[in-house]
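Enquirer: Can you read through this structure? Questions will come right after.
The values are calculated or read from the model by the stated rules, or taken from the named source; none is laboratory data. None of these values were measured; they are calculated from a predicted model. Every residue, glycine as well, gets a Cβ built from its backbone with ideal geometry; the counts of neighbours run over all protein chains shown.
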Amino acid sequence: MPCISLSNISYTFPNGFNLFKDISLSFGPGVSGLIGVNGCGKSTLSKIAAGLLQPSSGSISKPQNVKYLPQISISPGNKTIVDLLDISEEFRAFQRITAGNGDENDFKILDDDWLIEERINRALNQMRLIGFDPDTPAINLSGGEIVRATLASLYTQNYEFVILDEPTNHLDKDGRALVVETIKNISRSAGVIIVSHDRQLLRQVDRIFELSNLGIKVFGGGYDLYHEIRTAESEAARLT
């Protein structure tokens, strides 16, 4: 299974402030948790890992097909279900072509992905959104259904790595359980990185990366083992 490797990554803001410097780590198979205090650079580091943001220095090695999913919003505005699936441009091109109104650019956008509608329906079924139309306005969905549709985007392609940024923020118990279930399903075939403060969610991970102003530190196991080790370290430091 592929991995994401970051070597001597630094990120400096235009005003000269160094968010982090010379970070080196590798995210491998299974589920990795990325934690740290607010403002330490977790989201920035995860976007760099996804290839969405260029570091100020350092190098990145990653698979081609990486999906970054920002914090889920249950206020979708004017979006439709297919917008939540993050595949609307391709699907609109498919609709125009199959209706006989497609042009050369539509064929370029679709890129011979003639199974897109089937894949969308399969993704929605995976999240138990049976009978929903991709064109349904998201405002007509309940909060839980919006969460399901957003998470369904993870099933629209065979991603090699998935990065989830605070996936359980503002979700109720059922929404959080759905996130956990989805992560378990996705991690069978793809690497997963979770940026989160959610202790229950972090209990599901295989390892934890803690980002701080001292750099990055890796802990094997989930949150409970991490907490036990950090408590022991703090106690040892207090006694010295």
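Enquirer: If I109 satisfies all but one of (1) more than 30 Å from V218 (Cα to Cα); (2) in a loop (DSSP other than H, G, I, E, B), what's the number of the condition it fails?
Expert: Here I109 meets the rest and fails (2).
Enquirer: If you go through segment 17-36 one residue at a time, do you hit one that is touching a residue at least 60 places away in the same chain (Cβ under 8 Å), buried (at least 20 other Cβ atoms within 10 Å of the Cβ) and among the hydroxyl-bearing types (S, T, Y)?
Expert: So far as segment 17-36 goes, yes, one or more of its residues are touching a residue at least 60 places away in the same chain (Cβ under 8 Å), buried (at least 20 other Cβ atoms within 10 Å of the Cβ) and among the hydroxyl-bearing types (S, T, Y).
Enquirer: Also: If only one of D113, D83 is of a type in the set (D, E, K, R) and crowded, with 19+ Cβ neighbours inside 10 Å, which one is it?
Expert: Of D113, D83, the one residue that is of a type in the set (D, E, K, R) and crowded, with 19+ Cβ neighbours inside 10 Å is D83.
Enquirer: Closer than 23 Å to V180 by Cβ and outside any strand (DSSP E or B): is that true of P55 in this structure?
Expert: no
Enquirer: Now a separate question. Do you know which of the residues in segment 122-161 that are free of Cβ contacts under 8 Å to residues at least 12 places away in the same chain and over 17 Å from N78 (Cβ atoms) is farthest from the chain's Cα centre (by Cα)?
Expert: G131
Enquirer: Another question, if that's okay. Filter segment 32-46 down to the residues that are closer than 13 Å to G215 by Cβ and assigned to a helix (DSSP H, G or I) and list them by number.
Expert: L45
Enquirer: Under the condition of being buried (at least 19 other Cβ atoms within 10 Å of the Cβ) and farther than 20 Å from F17 by Cα, which residue from segment 45-61 is nearest to the chain's Cα centre (by Cα)?
Expert: A50
Enquirer: Does at least one position in segment 181-203 carry a residue that is without any contact (Cβ under 8 Å) to a residue 12 or more places away in the chain, under 21 Å from I81 (Cα atoms) and hydrophobic (A, V, I, L, M, F, W, C)?
Expert: no
Enquirer: Just one of the numbered conditions (1) among the acidic types (D, E); (2) surrounded by 16 or more Cβ atoms within 10 Å (Cβ to Cβ); (3) touching a strand residue (DSSP E or B) at 6+ places or on another chain (Cβ under 6 Å) is not true of D135; which one?
Expert: (2)
Enquirer: Another question about this same structure. Taking the stated definitions as given, is N78 farther than 28 Å from S43 by Cα, more than 18 Å from the chain's Cα centre (by Cα) and of a type outside the set (A, V, I, L, M)?
Expert: Against the criterion (farther than 28 Å from S43 by Cα, more than 18 Å from the chain's Cα centre (by Cα) and of a type outside the set (A, V, I, L, M)), N78 does not qualify.
Enquirer: Inside segment 161-192, can you point out the residues that are among the acidic types (D, E) and at pLDDT below 85?
Expert: D172, D174
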